[in-house]
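Trainee: Sharing a structure, written as structure tokens. Questions coming.
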Amino acid sequence: MDTVARVDPDDLEKEALAAAAEARSLAALSEVRIRALGRNSALKLALRNVRDRETGTKLNAVRETVEAALTAREEELARAELEERLATERVDVTLPAALVGPPKLRPRGTLHPSTLVRRDVEDIFLGLGYEIVDGREVETTRYNFDALGFPDWHPARSTRASLFVDDDTMLRTETSPAQIHKMEERRPPIYMVSIGRVYRRDTIDATHFPIFHQFEGLAIDEGITLADLKGTLRHVMRQLYGEERELRFRTHYFPFTEPSMEPDVSCFNCGGAGCHICKHSGWIEMGGSGMVDPYLYEFVGWGAEEYSGFAFGMGIERTAQLRYGISGLRPFWENDLRFLRQFR
Amino acid sequence: MRIPLSWLREYVRVDADAQEIVGALSISTAEVNGVQRVGVPGELGLFRVGHVLEAEKHPDADRLQLTSVDVGEDRPYSIVCGAWNFGAGAKVAVALPGATLPNGLTLERRKLRGKVSEGMILAEDELDLGSDHSGIIVLDDGLDAGTPLADVLPLVEEVLDLDPTGNRPDLFAVYGVAREVAALLGGELLPLPGEEPKRDGDEPVGIGIDDPAGCLRFIGRLLRDVSIGESPPWLKARLRHSGVRAISNVVDVTNYVMLTLGSPLHAYDHDLLRGGLVARRAREGEQVRTLDGVERTLSAEDLVIADGERAVGLAGIMGGEETEVSSSTANVLLEAANFEPVGILRSSERHALRTEGSNRWEKGVDPHVAGPAATYATQLIVELTGARWTGAEDVQGELPKPAVIRLRPERVGEVLGLEVPENEQAEILGRIGFEQLKKGFRVPTWRARDVTREIDVIEEVARFKLPEIPFTLPRREEMFGRLTREQRLRRQVEDVLVGAGYAEAYTSTFVAEGDLRLPEPLSAEAAALRAVLYASLLEPARRNADSGAEDVALFEVARVYRDVGHQLPQERWHVAGIADGGFAEAKWAVEQIYSALGLESSYERTSEPFLHPGKAARTAEGWLGELHPALLDGAWGAFELDLDALAEAAPEVVGFEEVSPYPEVRQDLAFVVDEEVPAADILASIREAAGELLRELEVFDEYRGEQTGEGKRSLAFRLAFGSLEGTLRDEDVAPVRASIVDALASRFGAVLRA
């Protein structure tokens, strides 16, 4: 009889597992692997000479167990060796970069197109004497909805439209809560623009992303009129899209303004003749606007007619899309350097 | 809301084309998505009413008929036709050779199976008037052959696509839009359509309201001996152009009247009802199978229409399948009602079921329009189905009284910045149904929900005057045009990093795991608010490197969120960066930031699981280091700093020191010290020992070699001494230098190299 056939599979397994556990380096472990599973190992010889199914099954099970143990031990040792190597790679972290490096000489970087637009918008309003307010992103429903006159049944209050942290706390759906905070903080004159991230529950596709950026203006003073809103927006639009731009209002509805209008700007591409950018209407929709609803004054404890004011809101991404001709929203969030590096 | 203009013009006489109507509506009423021309694209004269003189089977084709048709010419035309729902004597719709059909096909004289065919007898789908192709259109017998078909059927239609806002339920009706057009363009608004037909009997209907809060009004009308069938072509065409599917004459009438007046209706097969109808709340768990075939389990908040035994419909949203009007229906119970909006909205959300009906109810339909709707629908059903109207009931609680609102004429000018004369204000309001009384203006019932305050009335005037309002700027007495310190600092940090070669990234606020979890996450990867920024930059860095980008360096300035036990989390501005190349990259960026802000930075060795254990440092405002290679392949420098903390620490004004007119004395000193002694500690000791003569100090070289010995290194420092009093001499500097050497020797065992 062949001597190999008498090998006890359990002994083979025990022996191989012990050897794997004892191996102290990857090199040692690779020797263990050859001895336990190599071409001439007792296990492989036994497998080659197997006569009955039962022994075959048993030996294969042993082979799998040993294989798994070796792989696990290999990872363990690799990790330990990495940590050991890293431990020897110490630098004096207090030395200047020039001495620990030196760092690479890199070509100049770039600001994100949304930041370019944001700064431009900020500068335009700074020029108009407005303050820039960042505001919180996580807000109470009281400031995001109640204060702004959203009725109980308004669809934006649903979890299908907005992102909630709990029943009364949510990610702001517009930057307007910052305006209410400002109104509570002090009496008019208030001239402010709030800018920042806002959130909606949108499924991500080419034209939707659950996060975008808005800039919303608010002016409250004595004697502010809708004509002032019209003049202010025309100035801002001309700054953004060119001196020849015209502005018109279309009536609309928003909970926090009355009257409410959507401003359109004459198309900067075709000058009003009609093209793909303005969908052949000659006008481009820019956002929302209106006169502050007296409800808001009462909410912060002022008289309904002590002051008057206007408010408007527009998208930073949309402005960047129009200005640079970017289609879709994906590029704004992909952070592809081939895209980002174009914005010098 | 799709509105065929021919329909609109039935209610308003106005001398304006489609473009003028669109222009006026879009400025003053609602967004217009466009006007679509549908139907026959070209010459209409080739479409005629035909009189079929002869019709027989095509000798060589079993499925075709051979006809001879009088089309008003001096001879009959031979036309081969595939339909069999007519015979000799029928009046049909014919297109002659040369005519172009709505699908773009231009007809020619041609042979079909050997027989000449001069044109086509048309089915409704071929004229884009309906979807049926089972037979051709059979016209009214009274028509004369040769009559232009356009006089009989709407061959061409301009369809307005209007997108009214939620506060204007009156605009979800052709008549409501006609009212606006009349007011805007100075047209004449014709009276509401519909006239009660003669009543033939006075049967009880059995209408009840069990929930007056949910159902303000319930009109039931009984119509007997209806003959269910197809609607006439004009009606089917109107529905088709409005985007509503034609079903049968009775159902089509309910839809047509809803589209006309804005008040949805429903028709029941009266013989399938067990007793009369009542509007009530559903019993918890009660079931109804709606017309879409879905078995719906109701809750006690759902309003239903029920007969004596069971719910037969989800009120205002969708009727029930069991009592649906079908081809075998002989008697109809017509419902015209008024439902409270919020309840309908909630039910529609709960059952994820939005219909033309619910879409109107949830915006608040005028309860006064239920009457005219019932009248018009009754009239049309009687006319189109030959039914007899045998019973009527109108159950209503107290309908809301229209508000009377005082309008101070000067207020209009104060809000608009444009003076509008008082009589013009009244004239505008009058045109849209506001009645001027002594006490003010009475709001029309169809605007009652939206117009409740003086400012709302002012808006009504404003929307007519928008183009005339001038462009002005506010008169100011105070200005605020300056960035805050924090905002300036953020810009500064961004600019520093751009200068250092970093591209700015925008990454998601959301991460897979964190303390601030969203109860209903966007996805598994977007389930919590982030507490750090750097982790969001790993993936973009990896992808850019994988796609072959060189000098990958990204940064982001954004907020992070921390649960601090209050309702609102703490939000702080952070900046984080990542750059290929390792520790020195991060160090350089952080040094640049601190230096730009005029801040001293101090670095201490630290350890973080995500950082290389030997290349990680902490500053007072954050950390920097080389990323642990297990996190991202290759050597990457990374850092994250708290910008709010930097803003607090940064000096507000520069601490200026006078420049000395006397030359400085410069000295380089190199010491051999133990590896473990950080350069920063030595710098601190030198500064302390050197005292006030020291002007500048930097470490400029690190060296290891045979001369330094095992476990030791040499560090070289450049020092500059100076004084405002005069030029320093060697004997002034020598003692300072000696005390530095002594201090380093005693503190660190440092040996000065010759």
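Trainee: Using only C-alpha atoms and all pairs of different ones, pull out the Kirkwood radius for the protein assembly as shown in Å with one decimal. Mind showing how you got there, number by number?
Mentor: Details: mean 1/r = 0.0272 Å⁻¹.
About 36.7 Å, per the Kirkwood formula over Cα pairs.
Trainee: Continuing with the same structure: Sorting B:GLU600, B:GLU230 by accessible area (1.4 Å probe), largest first, what list results?
Mentor: Values: B:GLU600 165, B:GLU230 120 Å².
Ranking B:GLU600, B:GLU230 by accessible area, largest first, yields B:GLU600, B:GLU230.
Trainee: Next question, about the same structure. Given the C-alpha centroids of region B:244-295 and region B:152-211, what is the distance between them in whole angstrom?
Mentor: Between the Cα centres of region B:244-295 and region B:152-211 lies a distance of 19 Å.
Trainee: Residue farthest toward the positive end of the dipole of region A:214-344, with Cβ of Lys/Arg at +1 and Asp/Glu at -1: which of A:GLY287, A:PHE299, A:PHE256?
Mentor: Looking along the dipole axis, the top candidate is A:GLY287.
Trainee: Another question, if that's okay. Percent relative contact order of chain A, based on C-alpha pairs within less than 8 angstrom and at least six residues apart?
Mentor: 14
Trainee: Taking the Cα atoms of region B:43-189, report the difference between the largest and smallest coordinate on each principal axis, in whole Å and largest first.
Mentor: 64, 28, 25
Trainee: Continuing with this model, one more query. Quick one: order B:TRP623, B:TRP361 from most to least accessible surface, probe 1.4 Å.
Mentor: So, going from the largest accessible area down, we get B:TRP623, B:TRP361.
Trainee: While we're looking at this one, here's another question. Counting only C-alpha contacts under 8 Å and six or more residues apart, can you give the relative contact order of region B:107-166 as a whole percent?
Mentor: Result for region B:107-166 is 18 percent.
Trainee: Using the Cβ atoms and a cut-off under 14 Å, what net charge is assigned to the surroundings of B:ALA282, where Lys and Arg are +1 and Asp and Glu are -1?
Mentor: Values: positive: B:ARG280, B:ARG281, B:ARG283, B:ARG289, B:ARG296, B:ARG310, B:ARG346, B:ARG350; negative: B:ASP210, B:ASP211, B:GLU284, B:GLU286, B:GLU295, B:GLU301, B:ASP302, B:ASP307, B:GLU309.
Once all neighbours under 14 Å are counted, the net charge is -1.
Trainee: Still on this structure, please answer the following. In percent, what relative contact order does region B:242-350 have, based on Cα pairs under 8 Å that are 6 or more apart in sequence?
Mentor: 29
Trainee: Next question. For region A:61-97 and region B:681-743, compute the distance between their C-alpha centroids and round to whole Å.
Mentor: If we compute the Cα centre of each part, the gap is 42 Å.
Trainee: Then there's this: Which one, B:THR472, B:PHE717, A:LEU17, projects farthest toward the positive side of the charge dipole computed for the protein assembly as shown from Cβ point charges (K/R +1, D/E -1)?
Mentor: Highest projection toward the positive end goes to A:LEU17.
Trainee: Given a 1.4 Å probe and the protein chains all in place, what does the accessible area of B:TYR534 round to, in Å² to the nearest 10?
Mentor: 30
Trainee: Just flag the trypsin sites (Lys or Arg not before Pro) in region A:25-116 sitting in loop per DSSP whose Cβ has no more than 12 other Cβ atoms within 10 Å. Please report the intermediate quantities before stating the final value.
Mentor: Working: sites: A:ARG33, A:ARG35, A:ARG39, A:LYS44, A:ARG48, A:ARG51, A:ARG53, A:LYS58, A:ARG63, A:ARG73, A:ARG79, A:ARG85, A:ARG90, A:LYS104, A:ARG108; in loops: A:ARG39, A:ARG51, A:ARG90, A:LYS104, A:ARG108.
Answer by residue number: A:ARG39, A:ARG51, A:ARG108.
Trainee: Among the listed pairs B:LYS57/B:LYS115; B:LYS363/B:LYS438; B:LYS363/B:LYS401; B:LYS91/B:LYS115; B:LYS91/B:LYS236, which have their C-alpha atoms separated by more than 20 angstrom in this model?
Mentor: In this structure, B:LYS363/B:LYS438; B:LYS91/B:LYS115 exceed 20 Å between Cα atoms.
Trainee: Heads up, I need the accessible area for B:ILE136: 1.4 angstrom probe, whole protein in place, Å², nearest 10.
Mentor: 10
Trainee: Roughly how much accessible area, to the nearest 100 Å², goes out of reach of solvent when A and B pair up, both sides summed, probe 1.4 Å? Let's see the in-between values first.
Mentor: Values: alone 19910 and 37780 Å², together 48240 Å².
When A and B are taken together, about 9400 Å² of accessible area is lost.
Trainee: Which whole-number value in Å² is the accessible area per residue of the protein assembly as shown, probe 1.4 Å?
Mentor: That works out to 44 Å² per residue.
Trainee: Still on this structure: Would you tell me the accessible area of B:MET120, worked out with a 1.4 angstrom probe on the heavy atoms of the protein chains, in Å² to the nearest 10?
Mentor: Its heavy atoms expose roughly 50 Å² to the probe.
Trainee: Okay, next question. Which residue, chosen from B:PRO191, B:SER6, B:THR100, occupies the Cα position most advanced towards the positive end of the dipole of chain B, where the dipole is computed from +1 (Lys, Arg) and -1 (Asp, Glu) charges on Cβ about the Cα centre?
Mentor: Final value for the positive-end residue is B:PRO191.
Trainee: Percent of alpha carbon pairs in chain B separated by more than 41 Å? Please list the in-between numbers first.
Mentor: Details: 171087 of 283881 pairs.
Value for chain B: 60 percent of Cα pairs lie more than 41 Å apart.
Trainee: A follow-up question, please. Show B:HIS133, A:HIS181, B:HIS58 ordered by accessible area, largest first, where the area counts protein heavy atoms only and the probe is 1.4 Å. Spell out each step's value before the answer.
Mentor: Working: B:HIS133 115, A:HIS181 60, B:HIS58 0 Å².
So, going from the largest accessible area down, we get B:HIS133, A:HIS181, B:HIS58.
Trainee: Given H placed 1.01 Å from N in the peptide plane, which residues other than close sequence neighbours of B:ASP450 have an amide H under 5 Å from its amide H?
Mentor: none
Trainee: Same structure again: How would region B:597-649 be classified by its alpha-carbon gyration tensor: rounded, prolate or oblate, with rounded meaning a/c under 1.5 and the a/b versus b/c comparison settling the rest?
Mentor: Cα axes put region B:597-649 in the prolate bin.
Trainee: Would you please classify the overall shape of region B:622-717 from the alpha carbon gyration tensor, given that a ≥ b ≥ c denote the square roots of the eigenvalues, rounded means a/c under 1.5, and beyond that prolate means a/b larger than b/c while oblate covers the rest?
Mentor: oblate
The values are calculated or read from the model by the stated rules, or taken from the named source; none is laboratory data. None of these values were measured; they are calculated from a predicted model. Every residue, glycine as well, gets a Cβ built from its backbone with ideal geometry; the counts of neighbours run over all protein chains shown. Quick note on the areas: whole protein, heavy atoms, side chains included, nothing else; ligands and nucleic acids left out. Shrake-Rupley method; radii C 1.70, N 1.55, O 1.52, S 1.80 Å.
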